[in-house]
Amino acid sequence: MADFPESFEPGLHRAFEHLQATLIPGETLEAVAVQRRAYALRHRRLLIAATTGRLICIQRGLLGGYEVIDRRWQDLEGVHLNVGVLAADLSVQVGASTDLAVEGSGSPHRLEFTGLRKDGAQAVYRICQAQDQAWREKRRVRELEEMRARSGGMQLNTAAAQGTGADAVARLQQAKALLEARLISDSEYESIKAKIVSP
C-alpha cells in the first residue's frame, strides 16, 4: 500500500484512502494529482491517479461517499495537458476497445480534469503518454501478426487447395494498406507479398 503523499494536506487523507480501496491485487499507484481548492467551489476536490493498469478518478460526494471513474490503458486514444500559471488541465480521449488489435471500437469520449496541481498533473500526463505509446505499439504488432497469419502460405498456382486469386488480391491490398499506414516497413511488405504470390 502506498504512503500518503507528503505534498497533500491532511484534509485529503480520506480521499486517498478511498483511492487505495479501489486498487485491485497487484495494482500499484504510479502518480497522483489533486484538484486545487479554488477549482472545487461547488464540489469536493477530484483525485486523479495513474496506476499500473488504468487511470482512476475519485469524485467524492458533498455528504459522503464517492464515485470512481476508471479507464483501462488499452482504451486510451489520446491525452492533452494544458499547464497554466496556477493550475493544469488534463484531457483524456478514451474509446472502448474490446480487443488488442482494435483501436477505439466503441464511441470515443473525452474526460476533462480541470484545475489540477501542476506537478501531479504532469506526472499523470507522462504515464498516460507512455501507456498510449505502448498500447499503440502492441496493437500494431498484433495487426501485423494477424495479417501475416491471413496471408502466409497463400499460393496462386494452388488456388483450388488454398483459396482463389481474388483472395490473394484482397490480401495484397490489405498488405498495401498497412504499408501506406506505416504499420509495416517496405521490407516487411515485400516479404508478405512474396509469400502470397510464391509459386
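General remarks:
- Meets criteria (at pLDDT below 80 and within 23 Å of residue 128 (Cβ to Cβ)) for residue 2: yes
- Cβ pairs under 8 Å, 6+ apart, first in segment 15-40 and among the basic types (Lys, Arg), second surrounded by 18 or more Cβ atoms within 10 Å (Cβ to Cβ) and in a loop (DSSP other than H, G, I, E, B): 36/45; 36/117; 37/45
Yes/no matrix, rows are residues, columns are (1) part of a strand (DSSP E or B); (2) surrounded by 15 or more Cβ atoms within 10 Å (Cβ to Cβ); (3) not aromatic (Phe, Trp, Tyr):
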position: 14; (1), (2), (3): no, no, yes
position: 17; (1), (2), (3): no, no, yes
position: 33; (1), (2), (3): yes, yes, yes
position: 42; (1), (2), (3): no, no, yes
position: 45; (1), (2), (3): no, yes, yes
position: 50; (1), (2), (3): yes, yes, yes
position: 56; (1), (2), (3): yes, yes, yes
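The values are calculated or read from the model by the stated rules, or taken from the named source; none is laboratory data. Since the structure is predicted, the reported quantities are computational estimates derived from the model, not experimental observations. As a convention, Cβ positions derive from the backbone with ideal geometry for all residues, glycine included, and neighbour counts pool all protein chains shown.
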